Amino acid sequence: MSFYPLNKKIGIIGGGQLGKMMILEAKKFGCHIVILDPTKNCPASSICDEHIVANFSDKEAIYLLAKKCDVITYEFEHIDYSCLIELEKLGHKIYPSPSSLKIIQNKFTQKTVLKENNINVPDFYLVKTIEDIKNVIEKFSYPIVLKCCTGGYDGKGNYVIKCEEDIEKAFNTLNPTLNIPLMVEKFVPFKMEVSVLACGGLNKDIKVYPVANNIHIDNILYKTLVPANISKESKNKAITMAYNIINIFNGIGMFCVEFFVTENDDILVNEIAPRPHNSGHYTIEGCITSQFENHIRAILGLPLGNTNLLKPSVMINLLGEDGYKGDAILEGLEDALNIENVFVHVYGKKQTVPKRKMGHLTCIMEDLKKAEENATKAYNKLKFICE
Ligand code: ADP
């Protein structure tokens with residue numbers, strides 16, 4: 001018989017919706033939660049036990065978080081890893097490990113490690129000058145994707161170069177004067193984007209979720225459909241790669257692997273996120289154990305839960321409506337909840353801004369088409385606007 005200490009203290013760097021959804025699960029195990037986030041009324045603040053209001057670059061604040069907690073995790077990857085490495089050396093537990101964060105937060109080092117481990121990725125080169133880009137284009141031909149190696153999200157930090165005239169504009173837009181390293185990637189003419197969530201436990205257990213099909217609009221995730229409609233072979237390839245990636249990084253906690261699926265069913269990794277991911281929100285209602293619960297189980301050293309899909313699931317993000325900026329109100333919640341098997345999540349952000357992620361909805365049904373139909377109906381009712 002083993003006894004589990006109640007009141008384990010978890011520190012979360014970032015108090016957005018991902019942090020909030022981690023807390024909801026951590027509370028099941030009676031954990032005490034301290035978050036670090038610069039925004040006083042961020043989504044996680046209403047349900048955490050303590051909130052250190054500080055910038056993510058505030059080393060003292062991160063040290064304070066470590067002092068207060070048994071284990072630290074994070075909800076986004078753009079954190080100063082060196083501070084976390086120092087803390088780890090001092091004996092603090094941080095998951096996923098700062099050394100894996102260091103590699104993953106830089107798209108060039110991330111892809112280099114994947115390639116070295118025989119994981120299929122689009123061809124890529126580090127570039128420093130316009131001349132370098134031109135040299136790569138001679139090898140790749142148009143189009144190519146110029147990417148900031150660090151700091152990118154929702155496609156910010158990427159530029160598709162379609163012709164010679166784009167080169168200089170792309171280079172100047174991605175702001176090399178700020179010394180952000182850049183890389184060029186071969187453009188992949190994909191037929192579908194999919195993602196696979198995988199979780200590594202402290203007990204060496206690895207659990208992998210089903211393959212999800214992600215549809216983006218303006219580089220922001222719009223909709224996730226599970227299971228993805230791709231061949232069994234492609235699914236197996238993606239699942240195996242996600243499993244191997246956990247091993248490559250000695251991953252503890254949730255990792256999301258995003259892939260391109262090509263016309264001839266090749267699977268290439270686009271990128272990895274060492275954390276629960278927007279494309280895994282469907283797991284809350286759609287799977288036996290959600291990505292957030294498994295993340296918490298993993299970092300606490302508890303056995304991981306079953307990742308099977310309960311029913312075909314569709315998740316749609318609810319973004320701030322165009323044309324509205326200010327105190328947020330939500331229109332249509334009752335109508336949406338009247339639709340069969342629709343679940344709505346409101347993140348609790350006080351201010352809406354066009355395209356800001358304000359919430360999401362999930363519909364689970366026996367049939368994916370029906371789930372998509374109901375999810376779309378609900379989506380059309382829900383609007384984050386201002387009075
Ligand atoms: P972020 O880190 O900002 O999410 P990504 O590198 O994942 O950026 O790219 C955002 C989107 O841009 C991808 O979801 C995909 O649609 C497109 N994209 C990125 N890299 C490529 C590529 N090599 N070929 C084709 N499309 C790409």
So, relative contact order of the chain in percent, Cα under 8 Å, 6 or more apart, is 13 percent
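What number comes out for accessible area per residue over segment 240-387 if the probe is 1.4 Å? Units Å², please. Present the calculation step by step, with values, prior to reporting the outcome.
Values: 5860 Å² over 148 residues.
Averaged over the residues of segment 240-387, the accessible area is 40 Å².
Pulled fully out, how much extra length does the chain show between E233 and N118, if you take 0.36 nm times their separation in residues and subtract their Cα-Cα distance?
Details: separation 115, 0.36 × 115 = 41.40 nm, distance 1.80 nm.
Stretched out fully, the E233 to N118 stretch lengthens by 39.6 nm.
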Note on segment 225-374: contact order normalised by length, alpha-carbon pairs under 8 Å, 6 or more apart, percent, works out to 21 percent
Within segment 1-160, the percent of DSSP beta bridges that are antiparallel, given to the nearest 5, stands at 20 percent
By accessible area (1.4 Å), largest first, R356, R275 order as R356, R275
Here the gain from full extension of K350 to E131, 0.36 nm per residue of separation minus their alpha-carbon distance, amounts to 74.2 nm
Stokes-Einstein D for segment 234-387 (25 °C, 0.890 mPa s, Kirkwood Rh from Cα pairs), in µm²/s, comes to 143 µm²/s
For segment 177-219, shape from the Cα gyration tensor axes a ≥ b ≥ c, cut at a/c of 1.5 then a/b versus b/c, turns out oblate
Ordered by number, the trypsin sites (Lys or Arg not before Pro) in segment 1-77 that occupy a DSSP loop and have at most 12 other Cβ atoms within 10 Å are K40
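How big is the dipole moment of segment 98-150 about its Cα centre under a simple scheme where the beta carbon of each Lys and Arg is +1, that of each Asp and Glu is -1, and everything else is neutral? Debye, nearest 20, please. Let's see the in-between values first.
On the way: 8 positive and 5 negative charges, 35 e Å.
With only Lys, Arg, Asp and Glu charged at Cβ, the dipole is about 160 debye.
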For segment 130-177, the per residue accessible area (1.4 Å probe, Å²) is 55 Å²
Computed over segment 139-246, the relative contact order (Cα-Cα under 8 Å, seq sep at least six) in percent reads 22 percent
Shape call for segment 248-317, from the Cα gyration tensor axes a ≥ b ≥ c (a/c under 1.5 means rounded, otherwise prolate when a/b beats b/c, else oblate), comes out oblate
For segment 90-201, the dipole about the Cα centre with charges only on Cβ (Lys and Arg +1, Asp and Glu -1), to the nearest 20 debye, works out at 420 debye
Carbon/sulfur accessible area of the chain, % of total, 1.4 Å probe, equals 50 percent
Comparing P312, P98, P303 in a Gaussian network model of the chain (Cα, 10 Å), the one with the largest mean-square fluctuation is P303
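Treating only the Cβ atoms of Lys and Arg (+1) and Asp and Glu (-1) as charged, compute the dipole magnitude of the chain about its Cα centre; round to the nearest 20 debye. Mind dumping the intermediate values first?
On the way: 44 positive and 46 negative charges, 168 e Å.
That gives a dipole near 800 debye.
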Quick note, the chain: a/c under 1.5 would make it rounded; otherwise a/b > b/c is prolate and the rest oblate (a ≥ b ≥ c, C-alpha gyration tensor); here it is rounded
Ordered by number, the chymotrypsin sites (Phe, Trp or Tyr not before Pro) in segment 1-109 that occupy a DSSP loop and have at most 14 other Cβ atoms within 10 Å are F3
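The values are calculated or read from the model by the stated rules, or taken from the named source; none is laboratory data. Quick caveat, the model's predicted, so the values are computed rather than measured. Please note: Cβ atoms are built from the backbone with ideal geometry, for glycine as well, and neighbour counts cover all protein chains shown. For the accessible areas, the whole protein counts, side chains as well, though only heavy atoms, and no ligand, DNA or RNA atoms are used. Shrake-Rupley method; radii C 1.70, N 1.55, O 1.52, S 1.80 Å.
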